[in-house]
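A short reminder: the numbers here are calculations on the coordinates, not readings from a lab. Remember, it's a predicted structure, so these values are computed and weren't measured experimentally. Cβ: placed from backbone, ideal geometry, glycine included. Neighbour counts: every protein chain shown.
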Amino acid sequence: TTPYRTEAFVRKKKWQCRIVQTQYQTTQAGGKGMSYYEKIYRDSVLTSRASNVYRYLCDRANSDGQCWPSERTIAMDLKISRSTVKRAVEDLKRCGYITVERRYRKNGGNSSLLFVLKDFSKRRTTKG
């Protein structure tokens, strides 16, 4: 944890995330043709690392908004460090864009994480 990330700072970030989500929902209700990533582009709180990781997860997700790349794979594909991926995932979880579930192998060992993108299947259009 860096020294500038106090509890008040984290609370402020969560509050800002809620404002951005409310603004997006209001805009989306207007029915204007919006890009799938419009929510990310308008989020002034989300870091560039988090938006890059979110777009990566969207590209890898199935029709239910689920994907399971390892943190190492994400880091190699995006050419960033693994710790940067971890920080980006925490940012995305805090702002409510994704949920993360730990997965295990049959022998009890750790497997890759399951990333679930919220509201993914409702907004993504089918190819064809």
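Using the Cβ-Cβ distance between Ile80 and Arg103 with R0 set to 25 Å, the FRET efficiency from 1/(1 + (r/R0)^6) comes to roughly 0.65.
Summary of packing: across the peptides 45-52, 101-108, 66-73, 78-85, the per-residue average of other C-beta atoms within 10 Å ranks them, highest first, as 45-52, 66-73, 78-85, 101-108. Determine the sum of side-chain charges near Thr73: Lys and Arg each +1, Asp and Glu each -1, restricted to other residues whose C-beta is under 11 angstrom from that of Thr73. Surrounding charge for Thr73 is +1.
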